[in-house]
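After the structure tokens below, expect a handful of questions from me.
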Amino acid sequence: MKSRKQRVVVISFLICVLLCSCSSFDVSEYVKAVLDSSYKNQTEMYKELTGITDADARKIFQNNLDVTMQAFKSEKLSTELEMQYRELFGQILKQVKYSVGEAQKEKNGNYQIIVTIEPITLFDDTYYSFQTEAEVYAKNITDAVMNGEPMPSDEEIQEQVYQLYYNILKNAVDSGVKYGQAEDIKLHIEKKDIKTYEIRKEDLQKLDGKLISRKLLLEDEHS
């Protein structure tokens, strides 16, 4: 790993700005369709609102996974382990929890809407377990080398640490994802022209950052 430090995987999703061009515009329905397509791979409502093809609609969810997997571009992991992480992250994405409220129209034709989220706490819940098991793994390597065994390569150590973390996350997901305290996020839906509306990008980024808590991971990164 970089700087020989143990790193953990942080989910960071880039949500593309999605547009709606329809004659009858239901703001709450539109926002839910955007979120369902982005996180849950549920595309029916979004296709109905926008008229895009099934293939294009399903690319939205896959693009989110692609961005998540960018974290592995600089890591020399096996293809098998990368695919295991991709499948796991897909499972996590589909379990994010949100509810969309009623839209409030503004004088300028724009809208505001409250989305209530309950953050997934998976990464916080497993943080200390991973730290403990990683320390045990490091000690085992040290003991083995002291007893005359060859030192594993950086790539071998990296693969094993990521495999260890994957196993912890997978076990936690299989046991049932947990959620934190509910929080309201305000989204602004802005009119771009006579038929086109757009969810403010900054609002989507804020919502995205709240859906999956990574408080302890961020504290570790900045320590």
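Taking the conditions exactly as written (exposed (fewer than 13 other Cβ atoms within 10 Å of the Cβ), of a type outside the set (S, T, N, Q) and part of a helix (DSSP H, G or I)), does VAL173 satisfy them or not?
Considered against the rule, which asks whether it is exposed (fewer than 13 other Cβ atoms within 10 Å of the Cβ), of a type outside the set (S, T, N, Q) and part of a helix (DSSP H, G or I), VAL173 comes out as no.
Which residue is nearest to VAL34 (Cα to Cα), if the candidates are limited to the stretch 120-141 and must be assigned to a helix (DSSP H, G or I) and among the β-branched types (Val, Ile, Thr)?
THR132
Quick one: in the stretch 107-148, which of the residues that are over 21 Å from the mean Cα position of the chain (by Cα) and under 30 Å from ILE199 (Cβ atoms) is surrounded by the fewest Cβ atoms within 10 Å (Cβ to Cβ)?
LYS107
If ILE117 passes every condition in (1) closer than 20 Å to PHE89 by Cβ; (2) assigned to a helix (DSSP H, G or I); (3) modelled with pLDDT of 90 or more but one, which one does it miss?
Here ILE117 clears every test but (2).
For the stretch 113-148, name all the residues that are of a type in the set (S, T, N, Q) and either under 17 Å from GLY209 (Cα atoms) or touching a Leu at 6+ places or on another chain (Cβ under 7 Å) (or both).
Across the stretch 113-148, the qualifying residues are THR116, THR121, THR126.
Test ASP220 against the criterion of being within 23 Å of ASP125 (Cα to Cα), modelled with pLDDT under 90 and under 22 Å from the mean Cα position of the chain (by Cα), and give yes or no.
yes
The values are calculated or read from the model by the stated rules, or taken from the named source; none is laboratory data. It should be emphasised that the depicted structure is a prediction, and the values quoted were computed from it without experimental measurement. Here the Cβ is made from the backbone with ideal geometry for all residues, glycine too, and neighbour counts use every protein chain on show.
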